[in-house]
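Notes follow the structure.
The values are calculated or read from the model by the stated rules, or taken from the named source; none is laboratory data. As the structure is a prediction and not an experimental result, all values here were calculated from the model. We place every Cβ from the backbone using ideal geometry, glycine too, and count neighbours over all the protein chains shown.
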Amino acid sequence: MAHPGKQAAALAALEYVENDALLGVGTGSTVNVFIDALAASGRRISGAVASSEATAERLKSHGIEVLDLNITGQLELYIDGADESNPALQLIKGGGGALTREKIIASASRQFICIVDQSKRVDILGEFPLPIEVLPMARSFVAREIVRMGADPEFREAARTDNGNIILDCYGFSITDPIALEAAINAIPGVLTNGLFAARAADLLLVGHDDGQVDTV
Ligand code: 5RP
């Protein structure tokens, strides 16, 4: 049984799904609730683009067709969770390691609805360690660059992304300018993506509370 806040946010997102929609679907425990609820709702969708192998498997297990983003073109709606959100709906994502595909699909979608429980809301991003997906050969180099930028990178042990890369979880960034930091980290050779979703923030945040209430932000 998922956390009640996650459950409430995920169920609220169903209201935004139109019949025959082509959906982008994120990754994580909140999204898993959404996928299961979507399947149980009987709503008919044309198919979904998945941000991870795990999400693709879950969608398929419910008989939902998984499509290639190269074939679908722009999507109307992307639904995904987050690890943190600030009041501008800029996010930290990637706790589940799917950040690169998530950022691609979010950017390729007209609307991005983010579903979170209340604990994910913060004033300033960065309490949650910022994940960075890095090509394996660049691990040490990128880690040194991150230290030079004032943060403390930690290698996520025994974790490979769906793209075959590694993750550095970075502690201690003071993220007062998320757009600038997102661009600066992405400019380090060997970085595939970082988990700041600031240039492409969410358009709508559905925040679930323990009592089942949902705030729309
Ligand atoms: C995966 C993500 C997830 O959206 C994020 O980690 C939140 O997960 P959960 O819904 O399990 O709390 O970015 O890469």
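If you go through segment 194-208 and keep only what is in a loop (DSSP other than H, G, I, E, B) and among the small types (Gly, Ala, Ser), you end up with 195, 198, 199, 201, 202.
With respect to residue 52, determine if the residue is away from the ligand (no atom under 12 Å from the Cβ), within 14 Å of the chain's Cα centre (by Cα) and not hydrophobic (A, V, I, L, M, F, W, C). It is false that residue 52 is away from the ligand (no atom under 12 Å from the Cβ), within 14 Å of the chain's Cα centre (by Cα) and not hydrophobic (A, V, I, L, M, F, W, C).
Name the residues in segment 61-89 that are under 11 Å from the mean Cα position of the chain (by Cα) and either assigned to a loop (DSSP other than H, G, I, E, B) or of a type in the set (Lys, Arg) (or both), would you? Across segment 61-89, the qualifying residues are 81, 82, 83.
Set side by side, the residues 57, 18, 76, 65 differ, and just one is closer than 19 Å to residue 97 by Cβ and either of a type in the set (Asp, Glu) or surrounded by fewer than 17 Cβ atoms within 10 Å (Cβ to Cβ) (or both), which is 57.
Each residue in segment 5-21 was checked for being outside any loop (DSSP other than H, G, I, E, B) and either at pLDDT below 95 or not aromatic (Phe, Trp, Tyr) (or both), and 11 of them qualify.
Would you mind stating whether residue 154 is part of a strand (DSSP E or B) and among the acidic types (Asp, Glu)? Yes, satisfied.
When you scan segment 78-94, do you find a residue that is farther than 26 Å from residue 209 by Cα and not aliphatic (A, V, I, L, M), even just one? The answer is no; no qualifying residue exists. The set of residues from segment 22-44 being at pLDDT 95 or above and either part of a loop (DSSP other than H, G, I, E, B) or among the β-branched types (Val, Ile, Thr) (or both) comprises 25, 26, 27, 28, 30, 31, 33, 35. For residue 2, the conditions (1) outside any helix (DSSP H, G or I); (2) closer than 22 Å to residue 73 by Cβ all hold with the exception of (2).
Could you go through segment 91-102 and let me know if any residue there is away from the ligand (no atom under 12 Å from the Cβ) and part of a helix (DSSP H, G or I). Within segment 91-102 (the criterion being away from the ligand (no atom under 12 Å from the Cβ) and part of a helix (DSSP H, G or I)), the answer is no, since none of the residues qualifies. Look at (1) assigned to a strand (DSSP E or B); (2) within 15 Å of the ligand (Cβ to nearest atom) and you find that residue 111 fails only one, number (2).
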